[in-house]
Amino acid sequence: MLVNMKRCGINNNSMERLADDDMTLVEKSQQGNIRAFEELVSRYTGLVGSIAYNIVGDMHMAADLTQETFIKVHRGLKELEEPRKFKGWLCSIVRTTCVDWLRKEKVRPASLDRLADDGIEPAGKFIGGAFKQTSTEEEELKERILNIVNTLPKIYQEIILLRHLRKFTYREMSDFLGLPIATIESRLYRARLMLKERLQDLYI
């Protein structure tokens, strides 16, 4: 089940108090207070783990990515200029960490099927059997397609990976990213156009 980060059931006053408390813990952590940082980790492990699981869909990998996220947070905490915005900064780190992990994963056949269903060639031709690659050639093609996805701007990489690799619905992407469905549709449309143009070069 997706975590809807906009509907956490906390009123504005509670959120403000939490942000103030976070700010104190962050400032202490930036000064080297280990206990303060441990409190931040304890407070946000559940949230980070939920976000990671929503993206990668695997409990064990989500746990690994949660740990990796907090390592990055610890290393970069002194660079956070606005401690009161810690939560948003943390969420952006875990999302980037998970999307980077997805980018490094091989494109699975199911994700190529989805690209074919959306009319993106040559992935569609590949799935349809127009090309008779050996299994080695198939793996090379999958790798090349993912490499092309990686050349897209970050916001379009994310939308393609969530839709085609993680199979999020439009509503799930909207809830997860905190964006209107119209924006999701627009970004996905632009991402597919860019991807389609770049994929054409595979067989030119």
Review point. Among the residues of the stretch 66-87, is there at least one that is of a type outside the set (D, E), assigned to a helix (DSSP H, G or I) and closer than 18 Å to L161 by Cα?
Key: no
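Check the stretch 24-41 and report whether any residue there is closer than 30 Å to R171 by Cα, at pLDDT 85 or above and surrounded by 14 or more Cβ atoms within 10 Å (Cβ to Cβ).
Taking the stretch 24-41 as the starting set, the residues that turn out to be closer than 30 Å to R171 by Cα are 41.
Filter again for at pLDDT 85 or above, leaving 41.
Imposing the further condition that a residue be surrounded by 14 or more Cβ atoms within 10 Å (Cβ to Cβ) reduces the set to 41.
Yes, the conditions are met somewhere in the stretch 24-41.
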Review point. Does G124 meet the test of being at pLDDT below 75, over 30 Å from V73 (Cβ atoms) and in contact with an Asp or Glu (Cβ under 9 Å, 6 or more places away or on another chain)?
Key: yes
Exercise for review: Would you be able to say whether some residue in the stretch 42-53 is modelled with pLDDT under 90 and not in a helix (DSSP H, G or I)?
Suggested key: no
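Being in contact with a Phe, Trp or Tyr (Cβ under 6 Å, 6 or more places away or on another chain) and either in contact (Cβ under 8 Å) with a residue 12 or more places away in the chain or on the phi < 0 side of the Ramachandran plot (or both): is that true of V56 here?
No.
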Check your understanding: Does E105 fit the bill of being more than 17 Å from N54 (Cα to Cα) and at pLDDT below 75?
Key -> no
Review point. Where residues in the stretch 166-190 are basic (K, R) and not in a loop (DSSP other than H, G, I, E, B), which of them is surrounded by the fewest Cβ atoms within 10 Å (Cβ to Cβ)?
Key: R171
Point to revise | Verdict on V48 being over 16 Å from the mean Cα position of the chain (by Cα) and among the hydrophobic types (A, V, I, L, M, F, W, C) | key: no
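The values are calculated or read from the model by the stated rules, or taken from the named source; none is laboratory data. All values reported here derive from a predicted model rather than from experimental measurement. Glycine gets a Cβ as well: all are built from the backbone with ideal geometry, and neighbour counts include every protein chain shown.
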